[in-house]
Each structure stands twice: as structure tokens, then as C-alpha cells.
1. Between VAL146 and ARG16, what is the FRET efficiency for a Förster distance of 45 Å, r being their Cβ-Cβ separation, to the nearest 0.05?
2. Taking 0.36 nm per residue of separation and subtracting the Cα-Cα distance, what length does fully extending LYS5 through ARG157 add?
3. Under a crude label model (7 Å from the Cα following the beta-carbon direction), how far is ASP58 from LYS117 in nanometres?
4. So how compact is the stretch 115-158: Cα radius of gyration and Dmax in angstrom?
5. Using label points projected 7 Å from each Cα along Cα→Cβ, tell me how many nm separate LEU101 and GLU68, to one decimal.
Amino acid sequence: MTEEKKVHAYQTMMQRLGELTHWNGLRQHLDQAVEKAVTLEELTREEAEHISDYIQRDVEDAAKFIVETRQDLATWLRFDINLLEERILNVFQKMVDHTQLELDKLADQAEIATHWKTGEITGVGSLVCEKCGHVLQFQKPAKIPVCPQCQHDKFIRVWND
């Protein structure tokens, strides 16, 4: 596939994604865009999957940057956003916004998952009592007890260097 055809395919998939009226997740929509490109015989399956991977990489990178830095898309792009073709910018912004929401949800879930409680099962490693700092070490998966020093029931994971 020529570079020109790759760029055109990227733009076409972006436009199709921008026409969506609801959002169920980036990968699902990219898979639909792949199927449409293949069905319309615009691209081979392999070509369409490569293009969708490029789009996913770009959108996730932009969303991750925005989530982590709380800066805007223009900063991520590192050039004047007015230089972008308006319709491509709108599609990209829409996907980044939705992907950012997905990443925010994952970050919230990860924050919740970073706390371990008495009664849960944990794998090998060390947990530190949030209240007194006592370290519980697990040589094998086990049920988490209350802190033997202060009877507290919440812990955080400690990774040894």
C-alpha cells in the first residue's frame, strides 16, 4: 500500500468514526471501521487492521497525555491546532474525549484496586498498613488478616526495588 493510500485510509476511518452517534469504546468502533473498509473492498483486512492500530495508538496516546498532564490537545500536537483540517480535528477530538473518559474510568478503577482489605486474597509480596505502617509479607497467595499491630483493615501494596 502506498503512503498516500495509507493516509487516505487513515482519514477515511477517522471520518467514519466521527459519524458515530454513540460511543461504546474505541476498539469496538475501530473494528467496525475495519469491517466496513474490507466489505467495501477499500482495503485488505491486513491493511485495514494496520490503519486501525495507528489510529488507536494515536488516540490513546493523546488521551493518556491529556489525562496525565491535564493539558489540552493543542499541547499534545505541539503545533497550532488551526492548521488541522477542521473535520479531521473534530473527529480526533471526539475520539480523544471518549478515550480520555475511558482512561479516567480505568484510572479510578486502578485507584480503587490499589487498596487491599482484610479478608481479601492477595498474591506474593508486601502490604503496608495504611494506619501504622506495619508490613505484612506474603510468600504465597493468602487471605489478608487485620494488622497485627493496630487491628486496621486497609493496606497498600509495596513493591521492593
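What follows is calculated from the coordinates using simple rules that are stated; it is not laboratory data. A quick note: this is a predicted structure, and the numbers were derived from the prediction, not measured. As a convention, Cβ positions derive from the backbone with ideal geometry for all residues, glycine included, and neighbour counts pool all protein chains shown.
1. Taking R0 as 45 Å, the efficiency between VAL146 and ARG16 is 0.25.
2. Full extension from LYS5 to ARG157 adds 49.9 nm.
3. 4.4
4. In Å, with Rg to one decimal and Dmax whole: 8.9, 24.
5. 2.4
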